[in-house]
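**Student:** The structure follows.
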Amino acid sequence: MSIATRREARRAERRRERAQADLPRSMRPSKAVKTITVVVLVVALVYFLFPIYWAIVASTKTPSQLTGSNGLWFAVPLNELPDAIAANYATLLGWTSDRFWRWVGNSLLYSCVSALVGTVVSVMAGYATAKFRFRGKGVTIGIIMAAMLMPATLLTIPQYAIFNALHLDNTMLAVIIPCCVSPFGFFLGRVYAQSSVPDELLEAARIDGAGEARIFFTMVLRLLAPAMVTIFLFMFVATWNNFLLPLMMLSSEDLYPVTLGLYGMVSLAVFNDRGALMMGALLGVLPVIILFLTLQRFWRAGLAAGAVKG
Amino acid sequence: MTAHTTTAPARRRRSPAARREERTGWLFMLPFVLLFLLVFIVPIGYAIYSSFFQQVATGGGAYGGGELVNRFVGLENFRYVVTSGEFWAGMGRVLLYTVIQVPLMIVAALVLAMLIDSFVVKHVSGFRLGYFLPYAIPGVIASIIWVYLYNGQISPIVKGLAALGVNVDFFASNVVLGSMVNITTWTFTGYNMLIFLSALQAIPHELYEAARIDGANGWQVAMKVKLPNVRGAALLAMLLSIVGTIQLFNEPQVMQTADPGISYSYTPMMMAFNTSRGFLTPKGDGPASAIAIVMAVIAGLLAMAYAFVERKVSES
């Protein structure tokens, strides 16, 4: 996805908008159609956002306020809200024995490292299959693509056995290494290397005497930068969301990612501070939400590649 | 996005340049391939190997205490899985879940994408973002939030419905699967909607022009121009969703914390996990691997059956 194609996409969008304005009468929607559409879209929006809204409200409540007060609004006046939040925050840290931010830090570490390593190796492999001819290429691509259809969680059990045999279970590497490999990342890397690394540029660099490693790390990576952001995002979220893998691999609470830590709290029989837990849930998804909001267009780029190629 | 291949001059004999190209290609492949071997191929190989073994204690007498050794048991683990009533009950639940959840989600995502892409509403970026937001919530956290929203004591939904005279127990044994369907649908509909939206926006503008000249109305454009153009994306999303739902684990695992009715073998994936963890007998890698392999075979057969039916339908 070069700058030129992005500019073109924007131009296409503008053209569509103009087309909307001067639709022929036959295609112009009637008032009833318009109303129904808006109603459906708004109802769907309420469905998707209500649980998040409720979690925000609940995160300010004590257990008795959760059962006793109006579920749709805060239990205390707005000016007392900071105190209620502080109280629940203290409860949260108490339940986690002050491990909460450590868990968030672990999640960040696992997601960043595996997404970074995974992105670079995916792009390298994608570039190799897009721009070089070598024996066994077709078979290798076929196997990796087949792995995209493999139910990933089924692998977790034998992965645990392997890492256990290597004495790597209950280490950070046990979560990071399996998350470094993404057949979807390889697929995106290949598609982007095919479409946005011109052969002429590679030829010219070779004639100038540049080595292959230098060509890749100084030129190709720069050309593939937008693609790499997309792959990074997908792998980051996949690692952040992974539950079964850390559940299998990790036994010491100090290594837990935030998802597993919160699950551990919920599964305690005596646990009752649901409001504090909701606060943990919200704080724990904040990094991902920020990535979503700031890097929206890279999401769409990745999904578009999947849609068009599929 | 055209896929153009390398335009290097044809080299029939294996010239030094070709050999160098081969070496460079493999060097760039190497890191990914090594990791892929470690994370995919070796575990698959190990799962197949270990599925022929069971751990047994030797010498320890009736109360155990002996050393655990792997004993070759042939196809015993597979016999256990395919004759296990629990396994098939779990598989039945998952298949029922798939049959309800996947079409529901894909149709909802398609409808929302078409409405957003229709020329009816002008400012759509807020809707688009709002629908996609649940995808940012990890499945476990989403499940925890919904489990609370299903809880009669604290949920404004349950209380609100009760006030209207509708009493629902989201954990009742014949409802709980639907409660899980809702969690997955909530999380992934927006994701699939964005895929469809991308496919819709890739439709060349000329097609709309042509439809317009032919005097088509909005409904006809949606059905005759848009729908055929997102078919490919929809079928792929459906296939990936089917493969995904077979592995159902997070939602029931979290719901188990609030609902003792959900057993250790509620879904095949939970059964594999709990077998590997030793909560179910026979326990250990062998039986757990056998469960995973049978699941993979069933998922593969389903995917193939789906692809076959899909081709037959599109031919006729």
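**Student:** How about the range B:136-180: which of its residues are in contact with a Phe, Trp or Tyr (Cβ under 6 Å, 6 or more places away or on another chain) and either of a type in the set (D, E, K, R) or more than 8 Å from chain A (Cβ to nearest Cβ) (or both)?
**Tutor:** Listed by number, the residues that qualify are B:150, B:170, B:177, B:179.
**Student:** Contact list please: Cβ distance under 8 Å, first residue in the range A:241-270 and under 18 Å from residue A:114 (Cβ atoms) and more than 11 Å from chain B (Cβ to nearest Cβ), second residue assigned to a helix (DSSP H, G or I) and hydroxyl-bearing (Ser, Thr, Tyr), pairs at least six apart or on different chains.
**Tutor:** A:249/A:160
**Student:** Considering every residue within the range A:221-234, establish whether at least one is within 7 Å of another protein chain (Cβ to nearest Cβ), in contact with a helix residue (DSSP H, G or I) (Cβ under 6 Å, 6 or more places away or on another chain) and of a type in the set (A, V, I, L, M, F, W, C).
**Tutor:** No, because not a single residue in the range A:221-234 is within 7 Å of another protein chain (Cβ to nearest Cβ), in contact with a helix residue (DSSP H, G or I) (Cβ under 6 Å, 6 or more places away or on another chain) and of a type in the set (A, V, I, L, M, F, W, C).
**Student:** A follow-up question, please. Hey, among B:271, B:255, which residue is modelled with pLDDT of 90 or more, crowded, with 23+ Cβ neighbours inside 10 Å and more than 23 Å from residue A:251 (Cβ to Cβ)?
**Tutor:** Every option except B:255 fails the conditions.
**Student:** Separate question: Are there any pairs with C-beta distances below 6 angstrom linking a residue in the range A:197-208 that is assigned by TED's automatic domain parsing to the domain that holds residue A:223 and farther than 12 Å from residue A:223 by Cα to a residue that is part of a loop (DSSP other than H, G, I, E, B) and not aliphatic (A, V, I, L, M), with the two at least 6 apart or on different chains, and if so which?
**Tutor:** Every condition considered, the pairs that remain are A:199/B:7.
**Student:** Can you go through A:121, A:139 and tell me which one is in the same structural domain as residue A:274 (by TED's automatic domain parsing) and buried (at least 19 other Cβ atoms within 10 Å of the Cβ)?
**Tutor:** It is A:121.
**Student:** If you take the residues of the range B:121-142 that are free of Cβ contacts under 8 Å to residues at least 60 places away in the same chain and either touching a His at 6+ places or on another chain (Cβ under 7 Å) or β-branched (Val, Ile, Thr) (or both), which of them is surrounded by the most Cβ atoms within 10 Å (Cβ to Cβ)?
**Tutor:** B:141
**Student:** So in the range B:238-252, with the set limited to residues that are within 8 Å of chain A (Cβ to nearest Cβ) and of a type in the set (A, V, I, L, M), which one is surrounded by the most Cβ atoms within 10 Å (Cβ to Cβ)?
**Tutor:** Only one residue tops the list, namely B:246.
**Student:** Please specify each residue of the range B:185-219 satisfying the condition of being free of Cβ contacts under 8 Å to residues at least 12 places away in the same chain, part of a helix (DSSP H, G or I) and within 24 Å of residue B:127 (Cβ to Cβ).
**Tutor:** Listed by number, the residues that qualify are B:205, B:219.
**Student:** Another question about this same structure. Quickly run through the range B:45-57 and pick out the residues that are within 7 Å of chain A (Cβ to nearest Cβ) and surrounded by fewer than 21 Cβ atoms within 10 Å (Cβ to Cβ).
**Tutor:** Once the filter is applied, which keeps residues that are within 7 Å of chain A (Cβ to nearest Cβ) and surrounded by fewer than 21 Cβ atoms within 10 Å (Cβ to Cβ), the range B:45-57 yields only B:46.
**Student:** Then there's this: Taking the range B:85-134, which residues are among the hydroxyl-bearing types (Ser, Thr, Tyr) and farther than 19 Å from residue B:239 by Cβ?
**Tutor:** If the condition is that a residue be among the hydroxyl-bearing types (Ser, Thr, Tyr) and farther than 19 Å from residue B:239 by Cβ, then B:118, B:125, B:131 are the ones that fit.
The values are calculated or read from the model by the stated rules, or taken from the named source; none is laboratory data. Source: prediction; values computed, not measured. Virtual Cβ from ideal backbone geometry, glycine too; neighbours counted across all protein chains shown.
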